[in-house]
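Only one structure is covered here, and it is reproduced in the block below.
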Amino acid sequence: MGLVAILFWSTTIAVSRHLADEIGALTAAATMWLAAGAMGCTWAAARGRLGPMVRLPRAYLAACGGCFIAYMVCLYLAIGLAASDQQAIEVGILNYLWPSLTLVLAVPVLGLRVRPMFWLGVAVALAGAALAPLRLGEYSVAALGRTLAENPLPYILATAAAVLWALYSVLSRRLAGDSGGGAVPLFALASGVVLLAMRPVLSEPANWSWRAGGELAFMAVFPALIAYAFWDRAMRRGNATLVAAASYAIPLVSTILSSLYLGVAMGPTLWAACGLVVVGAVMARQGSAERATGGPVLRSTGVR
């Protein structure tokens, strides 16, 4: 179930980008998260879990809820504002800096102890993120500056999304680590409301079709709802170490699926960037240790 959740999450960039082209990024995201949040809250209420969600620490609900909502806004705006499908894949790679950034934030917030390999891994991941926007043969700071200047907002938003999800992950552990559960359905519903309120900000297309409806249903049910339930069950009852290790492959799987679904030919630069982000995250994890107080730094906070 954990591996299936990873596969579902890996479809997010590809399907969201196609939906952004058809009906608009904010329209698609608002519809998806409203539906997922409503279904999740209904399921939680039927199992008697909605009350405990509402009674979670207010600091957790405010801080983690704010990070969750802001992450969704930044991610889907980045996907929708990308000038091309290739740039959408590039911002997807930037978004997947979050595993490395989560470990970076865990050092001051959770007391994570690290070795020199940790910082080397972070540097490798950041190098991959810097490489993603570059074109073949144009490997310089000046070339990076020129590329970013052409359409900087998607890259800025994707980087902000990575920081926000890393912050959400460490704060979830810090503020609700012993509560036995989270409030993802509530956060999902709130994200849908905020995205819907932002809908008039952008002039978006409205090319509704059966395919767009099917993609929306898929996104609401599988990546946004079932994947979280599968992940939670896998982390609580399965081989959590195996599942967590497999999650580091999400950037690679997502890039492959996006390339196939969007019909974008992947050049060596993008493959190298994706590989560096994955390798850097693995190196950073290998260079970290548990807190002195014991217990894993990261649990079932969700993967995006």
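None of the figures in this text is laboratory data; all of them are computed from the coordinates on show. The shown structure was predicted, so the numbers you read here are calculated from the model rather than taken from an experiment. Glycine also receives a Cβ, built like all others from the backbone with ideal geometry; neighbour counts cover every protein chain displayed.
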Potential lengthening between N207 and R146 on full extension [0.36 nm per residue; Cα-Cα distance subtracted]: 18.6 nm
Extended-chain gain in nm, criterion 0.36 nm per residue less alpha-carbon gap, S84 and A130: 14.7 nm
Förster radius 25 Å - calculated FRET efficiency between R115 and Y261 (Cβ-Cβ, nearest 0.05): 0.05
Residue order, fewest to most surrounding Cβ atoms within 10 angstrom, among R237, R199, R17, R285: R237, R199, R285, R17
Size of charge dipole - the chain - debye, nearest 20, with Cβ of Lys, Arg +1 and Asp, Glu -1, no other charges: 1120
Inter-site label distance for L3 and T42 at 7 Å from Cα along Cβ, in nm: 3.2
Förster radius 45 Å - calculated FRET efficiency between V54 and I156 (Cβ-Cβ, nearest 0.05): 0.85
Listed residues A127, A36, A62, most fluctuating in the chain (Gaussian network, C-alpha, under 10 Å): A62
The chain: most fluctuating residue of M198, M53, M32 per GNM, C-alpha cutoff 10 Å: M198
DSSP H segments from the chain that extend 20 Å or more along their own axis, Cα-based, with Kyte-Doolittle mean of -1.0 or above: 25-46, 58-81, 116-131, 152-176, 184-198, 268-286
For the range 2-289: relative contact order, % (alpha-carbon pairs under 8 angstrom, 6 or more apart): 44
Gaussian network model of the chain, springs between alpha carbon atoms under 10 Å - residue of L260, L189, L103 with greatest fluctuation: L260
Förster radius 30 Å - calculated FRET efficiency between L196 and A62 (Cβ-Cβ, nearest 0.05): 0.90
